[in-house]
Each structure stands twice: as C-alpha cells, then as structure tokens.
Amino acid sequence: MRRLAPLFVPVMLTGVLAACGDASETSGGGDLPEVKGAFGAKPRITVAADSKPGKKLESTTLVEGDGPEVAKGDLLVADYLGKVYDGKVFDNSYDRGAPAAFTLKSGPGGVISGWVKALAGEKVGSRVLLVAPPKDGYGAQGNPQAGIEGTDSLVFVVDLIAAYDSSTPLPESTPVADLPKDLPDVAEGADPDVTVAKGTAPPKEPRTVVLSTGTGPEVTAGKLGIVQYTAVDWTGGPLASTWGDGPQGVPIGGQQPSPFDLLAGVPVGSRVLIELPAQEGDDAATQSIAVVIDVLGLHGPAKEQS
C-alpha cells in the first residue's frame, strides 16, 4: 500500500449540496426514452420499440436542482447509469453504492463529449437524461470492453451531486499544536512545499498525522473523498501533485487498497500528512514517501442527498 492509487476515473467514461426535486416519476419529452425513478434512485429506462436515436445530441433536465451550475473543467461528483440505446445497460454507479468523480472536459483524463455538452450549465441536484450519438460518445472505435460498438448511440441518466472547480479552497481548519518533532516540514497555503530534512528517519509503518483539523464529518469507508495532494520521496524529490489540475475523487476503503484509506476517521476540511514506508527490498532512505492531503469533501450516493 505504498504507492499512491491511480486517479479515480469511472470505467465507463474513459471515462454545500442542494435540495433536490421530489419527483417520483419523470420522463423525457418527444422521442426521448422514458425514465422512471426519483433523484438518487436507480433509474428505469424504457426505449420505445419503434424509436430511433437522432443524429444530434439530445438532453433534458428531468429533475432540476437548486445548487450551483456545473462548469466545464469542474470535478463533477455524480451517480449515473448508461445503456446502449436499443441494447443493454453497460455500467452504473447505483449498484456500487458510491458515486463517481470525473473532470468535465473532453480528451485525456476527461469524459465523452456528450457529457461535457449536456451537463455543463446544469445545476447541482439535477437529474439529467441525455442521448449521445457515436460522435459524442465513443466514436467509430466504440468501447469493446463495455460492449459498445462504433455505431451505438448511448443513453445516460446522471444525478449531479456536487462540483468542485480548480480553485476550491480547503474549508476552515484549526492548526494542530504540538506536532511530532520528526515530521517532514510542510509549508502553509495551497500546493504546499514538502521538505524532508536530512537525517529524518524514514517511517517503518504507515503513519497519518493531522496537521490542521477541519470541522466536517469524519471520512468513512465506502464514501468518495475529494482531495488535493502533493507527494515527495524521502529525499524531497517530487512524485505527484494535483494542484495544477484540480481536485480529484478517490474511493475510501474500496476494493483496491490505497493510501487514501488512511484518511478514515479524519474530519473533512483537514490537512493531513501521510508517511508511507518503502516496500520490502527498497532503500528506505530514498523510497519512503510523504504525502500532504487536503480533504475537501466526502460524498455518498445521490440517494443520501434526496
């Protein structure tokens, strides 16, 4: 569990909270598929037998939230279900019991263009139905892993839970007094410099140290954490930083263990230092890692917000 987990990207997409509408049944107008279910509930999508998808992207707001508008480039937290227009469901987050987080942009590290076009400008707390033709989905190459062919139009229902822009600050927190003396030095402010003083003993076990304490709920397993982080090796050499790209979503206590699991019990709004020892056989003096993490948010599934 030494290395940082890969940035979380929903499989199907390579891919504070507002009150939500209380509709128990909603549907798109015209030739759009029918959708049943309230915000947060796993949607039931019906496509008429004689219906054909259009050649252009279509979308409609099924339930309108009253939160802030989502903008291009934001980190969007959402539950979703996706199906081939006249075929099967290929992915959904509702069955996993935790939302997904992804950057609302096209291209590497982003999502299909249909999501960007349909969801930018929608309000947090909304349920959105969209039908994406191949050019706004996976293109002519399709997505064989998901069973999507290059000619398939796709239907998505998306529940918008929260959005974070690249400048979202750490909520108010209180610096911790009397920190251990043997810690790497962490500068104040965003994108902090992390310095490991020469002679500082590398960790033998993972260690979590709260540098400043937030006032939010405690991080718990099964949730999605929203973080910014900087990592250096034990010589002070840079390894990774999210501050240039914006917040990231990381599952806590997921199927794949990660250093972010060590945030369990830490209040949202905290700045945390995690020390990770070198793997067995590696040089502890150079291969140990110090990670500074700002815990910006914590989210469960959309049904918890409804």
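The set of residues from segment 34-58 being surrounded by fewer than 19 Cβ atoms within 10 Å (Cβ to Cβ) and among the small types (Gly, Ala, Ser) comprises 41, 48, 49, 51, 54. Restricting segment 199-223 to residues that are in contact with a Pro (Cβ under 8 Å, 6 or more places away or on another chain) and of a type in the set (Ser, Thr, Tyr) leaves a set whose member that is nearest to residue 268 (Cα to Cα) is 215. The set of residues in segment 264-305 that are crowded, with 19+ Cβ neighbours inside 10 Å, modelled with pLDDT under 95 and either under 17 Å from the mean Cα position of the chain (by Cα) or assigned by TED's automatic domain parsing to the domain that holds residue 63 (or both) contains only 305.
Out of segment 214-235, which residues are buried (at least 16 other Cβ atoms within 10 Å of the Cβ) and more than 16 Å from the chain's Cα centre (by Cα)? The answer is 214, 216, 230, 231, 232, 233, 234.
Within segment 128-144, residues that are closer than 12 Å to residue 112 by Cβ sit with their Cβ atoms under 6 Å from residues that are assigned to a strand (DSSP E or B), at 6+ positions apart or across chains, in these pairs: 130/59; 130/156; 132/154; 137/154; 138/148; 142/148.
Listed conditions (1) farther than 29 Å from residue 74 by Cα; (2) of a type outside the set (Asp, Glu); (3) out of contact with any strand residue (DSSP E or B) (no Cβ under 6 Å at 6 or more places or on another chain) are all met by residue 222, apart from (1). Taken over segment 114-145, the criterion of being polar (S, T, N, Q) and within 13 Å of residue 76 (Cα to Cα) is satisfied by 126 alone. Taken over segment 85-94, the criterion of being touching a strand residue (DSSP E or B) at 6+ places or on another chain (Cβ under 7 Å) and surrounded by fewer than 20 Cβ atoms within 10 Å (Cβ to Cβ) is satisfied by 85, 89, 90, 92. Listed by first and then second residue, the pairs linking a residue in segment 294-306 that is within 26 Å of residue 208 (Cβ to Cβ) to a residue that is surrounded by fewer than 24 Cβ atoms within 10 Å (Cβ to Cβ) and among the polar types (S, T, N, Q), with Cβ atoms under 6 Å apart and 6 or more places separating them unless they lie on different chains, are 296/168.
Applying the set (1) buried (at least 17 other Cβ atoms within 10 Å of the Cβ); (2) at pLDDT 95 or above to residue 72 leaves exactly one unmet item: (1).
The values are calculated or read from the model by the stated rules, or taken from the named source; none is laboratory data. Not measured: the values here are computed from a predicted model. Please note: Cβ atoms are built from the backbone with ideal geometry, for glycine as well, and neighbour counts cover all protein chains shown.
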